[in-house]
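Heads up: the structure comes next, in structure tokens.
The values are calculated or read from the model by the stated rules, or taken from the named source; none is laboratory data. Source: prediction; values computed, not measured. Here the Cβ positions follow ideal geometry from the backbone for every residue, glycine too, while neighbour counts run over all protein chains shown. To get the accessible areas, we keep the full protein, side chains included, count just its heavy atoms, and leave off ligands, DNA and RNA. Shrake-Rupley method; radii C 1.70, N 1.55, O 1.52, S 1.80 Å.
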Amino acid sequence: MKKYYLHKQIGTLLLALFFIPCYGQVVGNNFRCGIRDKAGNLWFGTIGAGVFRYDAVSAEFTNFTKQDGLNDNNVESVFEDKAGNLWFGTEHGVSRFDGKSFTDISTKVGLGQFNINYFLEDRYGNIWIASDGWGVFRYNPVSGAIANFKKDDGLGSNSVQCILEDKTGTLWFGERAGGVCRYDSASSRFVKVDGDGCFSSQIMSIIEDKAGNIWFANLYNGACRYNPSSRVFTHFTEENGLCNDTLNCIYEDKNRNLWFGCGWSKWGESRGGICSYDGKAFTFFSAKDGLGNTGAWTIVEDNDGNIWVGARDGLFRYHSSSGRFVNYTYKAIGHD
């Protein structure tokens, strides 16, 4: 592993990789996923540069790559289980990190080297793993049992992007070509949710807010809010003030503000950035506020209430006092 300190000038890291294009961006600058772990550290997965851990106390970034045991440097998802293990979904399966070393568990549990989009640990301790093209896997770490669910089991698509377990224990699945479905444990099958026309076929993110509403990020069709009490879906689009109808992620901060990560429009226009929603109005942030020019993939809040945004062209942190974002990309990757 390699460590970089914010108060020092650091030499180049992975210099050869930085000149290879990926999704139109420099390899390593594409921050795809992020979480805050139980200790308050932030973890960010990238395309091409592995994983970065940010320690908010020491203001130190640590980079983990294949040289440290990660099974691939293209990381699509990151997750912490109840025991404190970190799981990384890559383009070649799953790496698990116990704080000391990585274990490639893909072949050990029968996953195979698939592209992994998302993890969720349910209330029974099962790990649900969403893949790109191979449906969903349910893995029990205690017994070692693994089950694979595909379209034959009721999924609308074998490419699953995101999963949510709500407060009632219902599991929701967002798909890349099949919309939304719920899992019926009694029949071990999936049931499609039509959403009263609110959903597109491609669902990028699902969250449950503190009020109990469930939010869905549509690719090309804005956001949907579902109220379980009234069973009413509410659709939010650019016409309502949403920053963009092309959404990649949704996040709720500790003050109950919602943050939406915008992507490219379906017409190829670049209107990346994010917007916040306080329950009444949307506020749009883009390049003029210090963000990059491309789509935002992930949003996470640190212990101090700062909002971090992982985007196609870097890593940014919001400073509420100035109302602007600061580019942390090169502080992370150690390149001036």
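Tabulated values for the structure
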item	result
The range 90-114: number of residues that are surrounded by fewer than 19 Cβ atoms within 10 Å (Cβ to Cβ) and in contact with a His (Cβ under 8 Å, 6 or more places away or on another chain)	1
Candidate set: the range 208-227, residues that are of a type in the set (Phe, Trp, Tyr) and within 20 Å of the chain's Cα centre (by Cα); chosen: the one most open to solvent (accessible area, probe 1.4 Å)	Tyr220
Candidates Ser230, Ser205, Ser201, filtered to the one that is at pLDDT below 95 and open to solvent by 10 Å² or more (accessible area, probe 1.4 Å)	Ser201
Residue within the range 82-101 that is free of Cβ contacts under 8 Å to residues at least 40 places away in the same chain, under 20 Å from Gly310 (Cβ atoms) and among the charged types (D, E, K, R) present	yes
Total residues in the range 115-130, condition open to solvent by less than 60 Å² (accessible area, probe 1.4 Å) and either closer than 22 Å to Ser157 by Cβ or without any contact (Cβ under 8 Å) to a residue 24 or more places away in the chain (or both)	11
Residue in the range 68-78 that is out of contact with any Leu (no Cβ under 9 Å at 6 or more places or on another chain), farther than 28 Å from Thr294 by Cα and among the acidic types (Asp, Glu) present	yes
Strands (runs of 3 or more DSSP E) contained entirely in the range 139-258, each with at least 3 residues that are over 30 Å from Ser320 (Cβ atoms)	146-149, 160-165, 171-175, 180-184, 189-193
Near pairs, Cβ below 9 angstrom, 6+ apart or cross-chain, from the range 131-142 (within 21 Å of Glu91 (Cβ to Cβ)) to any residue that is of a type in the set (Phe, Trp, Tyr) and outside any strand (DSSP E or B)	Ser131/Phe114; Asp132/Phe114; Gly133/Phe114; Trp134/Phe114; Phe137/Phe114
Count of the range 292-322 residues which are open to solvent by less than 20 Å² (accessible area, probe 1.4 Å) and either modelled with pLDDT of 85 or more or assigned to a helix (DSSP H, G or I) (or both)	14
Pick from the range 55-76, criterion part of a helix (DSSP H, G or I) and of a type in the set (D, E, K, R), ranking: surrounded by the fewest Cβ atoms within 10 Å (Cβ to Cβ)	Lys66
Selection status of Asn257, buried (at least 23 other Cβ atoms within 10 Å of the Cβ) and not small (Gly, Ala, Ser)	no
Test: residue in the range 86-107 that is on the phi > 0 side of the Ramachandran plot, at pLDDT 95 or above and touching an Asp or Glu at 6+ places or on another chain (Cβ under 9 Å)	no
Glu80 being among the charged types (D, E, K, R) and under 30 Å from Ala177 (Cα atoms)	yes
Selection within the range 289-324 - at negative phi, in contact with a helix residue (DSSP H, G or I) (Cβ under 6 Å, 6 or more places away or on another chain) and of a type outside the set (S, T, N, Q)	Leu315, Arg324
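Yes/no per residue for (1) surrounded by fewer than 16 Cβ atoms within 10 Å (Cβ to Cβ); (2) under 23 Å from the mean Cα position of the chain (by Cα):
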site	(1), (2)
Phe149	no, yes
Asp152	yes, no
Gly156	no, yes
Lys167	yes, yes
Leu171	no, yes
Gly179	no, yes
Tyr183	no, yes
